[in-house]
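What follows is calculated from the coordinates using simple rules that are stated; it is not laboratory data. Everything numeric in this text was worked out from a predicted model, so none of it was measured. Using ideal geometry, Cβ is built from the backbone for each residue, glycine included, and neighbour counts are taken over all protein chains shown.
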């Protein structure tokens, strides 16, 4: 199926921004900030990391990330452990409770999106389903650079 209009980054960006806003607005489980959710999600995907690495990839200062990790640890969402590769280093890992909060947020988002998909016609649902693999590859392409 050929697009009816030329595809461009500007149009895609606007739609993705709206989608990101939707995801943030409906992801309220755990009552945590967007940055905290991003850190938990990263730890869930990539495993334990140093505070300095988390700060770098999330685009915040190391002191700000330390404060966030302290709050997450206080709320039992992460655990600090010794880095097995460097006994002096400390890694932050997702706790069982943190994994539960991530799962609750995913379930919450999926429920909202399931309800929205139900309100769309079959043709729109098919187009969205067909586009998902390509969107996944688009994300991978951007993240690889």
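Structure values in brief
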| item | result |
| --- | --- |
| Computed lengthening from residue 81 to residue 128, 0.36 nm per intervening residue step minus Cα-Cα distance | 12.7 nm |
| Protection proxy ranking, peptides 118-131, 78-91, average beta carbon neighbours within 10 Å, highest first | 78-91, 118-131 |
| Those residues of the range 84-107 whose amide nitrogen sits under 20 Å from the label point placed on residue 143, 7 Å along Cα→Cβ | 92-95, 99-107 |
| If the convex hull is drawn through the Cα atoms of the range 11-89, its volume per residue in Å³ | 111 Å³ |
| Angle between the chain longest axis and helix 34-46 axis [Cα atoms, degrees, rounded to 10] | 80 degrees |
| Cα-Cα P(r), the range 77-145, percent of pairs per 5 Å interval | 3, 13, 11, 11, 15, 16, 13, 8, 5, 4, 2, 0 |
| Hydrodynamic radius (Kirkwood) for the chain, which is based on Cα pairs only, to one decimal in Å | 17.6 Å |
| Label-point separation, residue 88 to residue 73 (7 Å along Cα→Cβ), nm | 1.8 nm |
